[in-house]
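See structure below.
The values are calculated or read from the model by the stated rules, or taken from the named source; none is laboratory data. This is a predicted model, so every value here is computed, not measured. Heads up, the Cβs are rebuilt from the backbone with ideal geometry, glycines too, and the neighbour counts pull from every protein chain shown. Heavy atoms of the whole protein, side chains included, go into the accessibility calculation; ligands, DNA and RNA do not. Shrake-Rupley method; radii C 1.70, N 1.55, O 1.52, S 1.80 Å.
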Amino acid sequence: MLNELEKIYNPIENEDKIYKKWEESGFFNPDNLKLSKDAKSYTIILPPPNITAKLHIGHSAMLAIEDLLVRYHRLVGERTLWLPGTDHAAIATQSVVEKKILAESGKTRHDLGRAKFLEEVWKFVNETQATILHQTKKMGSSMDWSRLTFTLDEQRRKAVQAMFIDMYREGVIYRGERIVNWCPRCHSTLADDEVEYKEQKAKLYTFKYDKNFPISISTTRPETKLGDVAVAVNSKDKRYQEYIGKEYNVNFCGQKLLIRIISDYNVESEFGTGALGVTPAHSMVDWQMAIANQLPIIKVIDEDALIKDGYGAYSGLSVDKAREMIVAELNKKGLMEKEEEITNNLSVCYRCNTPIEPLLSKQWFISVDKKLERLGNKSLKEKALEAAEKRDIEFLPERFNKSFKDWMANLHDWCISRQIWFGHELPVWYKGEDVYVGESAPQGVDWIKDQDTLDTWFSSGMWTFSTLGWPDNFKNGVKIGDLAKFHPTQVLETGYEILTLWVSRMIMMSFFALNEIPFEKVYLHGTILDKNGKKMSKSKGNGVDPMEVIEKYGTDALRLSLLMGSTPGNDSRYNEEVIETKRNFINKLWNISRFILGSVSEESLNQDYKICPDGKTLADNWILSEMNELVSKVSKNLDNYEFSFAADELNDFTWNKLADWYLEIAKIEKDKDSILVYLLKNLLILWHPFIPYVTETIWQSTNQDLLMVASWPKSSNAKKNANNFNILQEVVTAIRNARSLNKIEPSQKLKAVIYGHNSLDLLNSQKENIKNLKTGLSEIEIFEKGDKIDKAITAVVSNIEIYLIGEIDEAKEKERLTKEAANLEKLILLQETKLNNQDFVGRAPESIVNAEKEKLANYKTELLKISNSLKSL
RNA sequence: GGGCUCGUAGCUCAGUUGGUUAGAGCGCUACGUUGACAUCGUAGAGGUCUGCAGUUCGAGUCUGCACGAGCCCACCA
């Protein structure tokens, strides 16, 4: 029994206790669930949060959605696994630790040395990891902690090494030279999607290499022109057509260059002079042109953004300094034609904002285009595209299917090596020019291990199967153990911003390793913006700490606010008032439960909640049929990932049907114990995936077993009992309404004059209810039509006229009725016009036309009643 | 340049294949608080669904254009 004194639900007091109970039960682990033999599996692998991060509101939304899904499927009786893990986030973590060490001791990672530095990183990781895990639990997440993983733990290391070696043997991983985004400060390459663009003012210089060269070129970076090998023009540009294919020897600021004139569709005739100096070693597009035209590649800039040796006075200078000198030189020689201010986008490192230097470098790549025998002679890209195309993987919302395919189709080879220390090591060994790929060094001396680490997306790309025991659980092409039980997973739930970054990589990796999809569905939630619709960020300080929200309103209120009123893929705004109303709702549910549990008999509490009791009265049958319908709607909505609809239905039933009507009637009509208990228990089960703590707390007050493993109710096929409860509702509402408008004293008498054969018996049977349902009237009389009524206020509903007898504010009543009559006349006119329209009557479905006719008739009847009432005033 | 989302009540948002008089919560107004709940109840006011044009018997919903807000991708030599 609930403590009588607890009028208000106290989340803080109950949440930790309940979570402990769940954890100790062992039911987070699907191996401990009591399942039927043919139970399906339902698996979600948690998108691993960054170990350095604290939980933010976006995580909370993710956890709320995933926990909802997992709890629902567990209640339905499926073999449900939610597998937790954390991400080592190589670059982010290393950067945080570097900053920390620098602040504490003024040392850089190079001062410490690799081994000592990594020791520091691991110390940090072990400290911070606990925070995010603890906060994850606070959200009520029902994850199987016995299967907890980390992207950089021993088992994942094994998986990554195996994957790399296998991919290398298949020729998917290769070592090659190409332009990479190089951050001179981090001393690391960045993936294309780690590069950010910043708008800046820059100078665009227009000049010729030397006097004998026929074409002027424009550039913002004259210093790179030391490595030019060609000038590219658009093939359609008439100005330059005669030059295409010709070669010129030029002397550019003391550097001898051989420049060929080529054509390329990437060149825009309108920009600058319409001619582009091609610098293959320091620009991605230029590099592609050089490869296509088999041009040499000349490096000018080194890893520290300084000019390389062999460029005379320029060597050793920073790019900015070299630019100044070259500009001066061009001016001196009279080659400079124009200097103009333009705004362009500067590529900068997403971590440290340092301008990116595109450099040619030896890196490891994954080929997305290599055809693989094991994939039926298709490439990873083709398999991923096919999965989306054939809907083997479904996207929610659907529009992301197209975004995904567009992005995938344009995907280039993926650079996977990173020049940082914290991360997965490459199983690669060098001896001079020899390269060996394998778990340990080959025979012989002088083999040196590759110093790079892998892009973190390499290990997170393997996340769905590395967490389930691959490669140990994959023997001779057959899945065993957890991998067989839980892969492919059912849904990947994540933010749309990493659709391309992560989702695409998981799909490719899974195809390579297992030749199957990693998940059946991708559910993408939107971003939570701040109150003003801006993105939350540390720098703006507009973030919301979920732990503070939980402290103030409870976890359930936070979860419910994140689950309701939002649609997949669309951003929503954080609004504290919304959380407050959810807290109020939870308290309402608490009090509904308190009322029911406090008023029913002990033995009714022990009845089997799966058996639906028989209804005796109009209200009983109504609420039971509403409950039956609720079960079917909520189940359907949850199956379709429509959480908000499901919660709306539940909210409407709980507050507007159960609390406002049925419980009020239960105070009047007695002997409803078994129905009340049945309603409450099933309602708690239905609500549990949304608000697990409060529902379990209530459940625990009367049950030995756990709500989290109760049985989800089934809706019977019985048709909705078409009863007349809505007439009772209408009459009561009309009386309340009229009473409120005319300020009728509670003590005054009510007379209802009824015509229409059904309603008379009905209202007679509901006399007590009408009187006591907050109509504020002490007496009620029901008459046949024809009785004489004085001083009456009229309400008209359905087929019933109600006269409330008492003192009337005649002017006010007249005004109200006149207004209503005017409205009705307008509607009648509209309706008549519509029905006179031959097109409508001739072409609209008959059911619609009939409905319109009936509507017109109803309006006319009501208007007649109102005009009669007006006359009697 | 290519693509996407959004514009509905004062605010935050729903609106599920086009079909009754477009909904909810908060806020506002009036009244109330009777033993589950003041984190409460009853009722009310408040909308030319951004604009224009089109398709249709019928458009918040579909199409085109315009305006406004925001996001993503590519390029920026």
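Quick notes
- From the options A:SER347, A:SER361, residue that is small (Gly, Ala, Ser), over 17 Å from A:TRP414 (Cα atoms) and in contact (Cβ under 8 Å) with a residue 40 or more places away in the chain: A:SER347
- Positions within segment A:371-401 being assigned to a loop (DSSP other than H, G, I, E, B) and either of a type outside the set (A, V, I, L, M) or without any contact (Cβ under 8 Å) to a residue 40 or more places away in the chain (or both), in sequence order: A:LYS371, A:GLY376, A:ASN377, A:SER379, A:LYS390, A:ARG391, A:ASP392, A:PRO397, A:GLU398
- Filter pass, A:ALA202 being within 10 Å of RNA strand B (Cβ to nearest atom), aliphatic (A, V, I, L, M), farther than 28 Å from A:GLN294 by Cα and open to solvent by 10 Å² or more (accessible area, probe 1.4 Å): yes
- Criterion: under 22 Å from the mean Cα position of the chain (by Cα) and open to solvent by 20 Å² or more (accessible area, probe 1.4 Å) - qualifying residue of A:HIS59, A:HIS110, A:HIS88: A:HIS59
- Answer residue from segment A:402-419, given it is touching a helix residue (DSSP H, G or I) at 6+ places or on another chain (Cβ under 7 Å) and either away from RNA strand B (no atom under 14 Å from the Cβ) or in a loop (DSSP other than H, G, I, E, B) (or both) and is most open to solvent (accessible area, probe 1.4 Å) among those: A:LEU411
- Among the residues of segment A:114-155, those that are among the acidic types (Asp, Glu) and either assigned to a helix (DSSP H, G or I) or closer than 16 Å to A:TRP22 by Cα (or both) comprise A:GLU119, A:GLU120, A:GLU127, A:ASP144, A:GLU154.
- Cross-chain or 6+ apart pairs with Cβ under 7 Å, segment A:112-133 first and closer than 21 Å to A:ARG147 by Cβ, then basic (Lys, Arg): A:THR131/A:LYS54; A:ILE132/A:LYS54
- Flag for A:GLU329 being closer than 30 Å to A:GLY569 by Cα, open to solvent by less than 70 Å² (accessible area, probe 1.4 Å), acidic (Asp, Glu) and more than 13 Å from RNA strand B (Cβ to nearest atom): no
- Single residue of A:PRO518, A:PRO488, A:PRO568 found to be at pLDDT 90 or above, touching a His at 6+ places or on another chain (Cβ under 8 Å) and of a type outside the set (Val, Ile, Thr): A:PRO518
- Within segment A:631-645, if we keep just the residues that are touching a residue at least 40 places away in the same chain (Cβ under 8 Å) and more than 7 Å from RNA strand B (Cβ to nearest atom), the residue that is most open to solvent (accessible area, probe 1.4 Å) turns out to be A:SER632.
- Segment A:838-862 - residue that is over 25 Å from A:ILE802 (Cα atoms) and β-branched (Val, Ile, Thr) and, of those, nearest to RNA strand B (Cβ to nearest atom): A:ILE848
- For segment A:205-217, the criterion of being free of Cβ contacts under 8 Å to residues at least 40 places away in the same chain and either near RNA strand B (Cβ under 9 Å from one of its atoms) or touching a strand residue (DSSP E or B) at 6+ places or on another chain (Cβ under 6 Å) (or both) is met by no residue.
- Unmet criterion (only one of (1) in a loop (DSSP other than H, G, I, E, B); (2) crowded, with 24+ Cβ neighbours inside 10 Å) for A:VAL445: (2)
- Extreme residue, modelled with the lowest pLDDT, among residues of segment A:449-483 that are part of a helix (DSSP H, G or I) and of a type outside the set (S, T, N, Q): A:TRP457
- Residue tally, condition out of contact with any Gly (no Cβ under 7 Å at 6 or more places or on another chain) and open to solvent by 60 Å² or more (accessible area, probe 1.4 Å), over segment A:138-180: 10
- Helices (runs of 4 or more DSSP H) wholly inside segment A:540-630 that include at least 2 residues being within 30 Å of A:THR136 (Cβ to Cβ) and open to solvent by less than 70 Å² (accessible area, probe 1.4 Å): A:546-553, A:555-563, A:576-599
- Residue check, A:THR273 near RNA strand B (Cβ under 10 Å from one of its atoms), closer than 20 Å to A:ILE326 by Cβ, at pLDDT 80 or above and over 43 Å from the mean Cα position of the chain (by Cα): yes
- Cβ-Cβ distances below 8 Å connect the following pairs, each with a first residue in segment A:497-518 that is over 29 Å from A:LYS535 (Cα atoms), a second residue that is within 16 Å of RNA strand B (Cβ to nearest atom), and a separation of six or more residues or different chains: A:MET508/A:VAL368; A:MET508/A:LYS381.
- Pairs, first free of Cβ contacts under 8 Å to residues at least 12 places away in the same chain in segment A:692-703, second of a type in the set (Lys, Arg) and open to solvent by 10 Å² or more (accessible area, probe 1.4 Å), C-beta under 9 Å, six or more apart: A:ASN703/A:LYS681
- Residue match in segment A:131-147 (condition: over 32 Å from the mean Cα position of the chain (by Cα) and aliphatic (A, V, I, L, M)): no
- Evaluated against (1) at pLDDT below 75; (2) in a loop (DSSP other than H, G, I, E, B); (3) at negative phi, A:THR775 falls short on exactly one condition, (1).
- Condition met for A:GLU603 (of a type outside the set (A, V, I, L, M, F, W, C), within 16 Å of RNA strand B (Cβ to nearest atom) and out of contact with any strand residue (DSSP E or B) (no Cβ under 9 Å at 6 or more places or on another chain)): no
- On the stretch given as segment A:821-837, residues that are under 12 Å from A:LEU863 (Cα atoms) and near RNA strand B (Cβ under 9 Å from one of its atoms) total 3.
- Cβ-Cβ under 6 Å pairs, at least 6 apart or on other chains, segment A:267-282 side of a type in the set (S, T, N, Q), far side buried (at least 23 other Cβ atoms within 10 Å of the Cβ): A:THR279/A:THR224; A:THR279/A:GLY227; A:THR279/A:ASP228; A:THR279/A:ASP286
- In segment A:484-539, residue surrounded by the fewest Cβ atoms within 10 Å (Cβ to Cβ) [restricted to those that are small (Gly, Ala, Ser) and assigned to a helix (DSSP H, G or I)]: A:ALA484
- The set of residues in segment A:367-384 that are surrounded by 20 or more Cβ atoms within 10 Å (Cβ to Cβ), in contact with a strand residue (DSSP E or B) (Cβ under 8 Å, 6 or more places away or on another chain) and not hydrophobic (A, V, I, L, M, F, W, C) contains only A:SER367.
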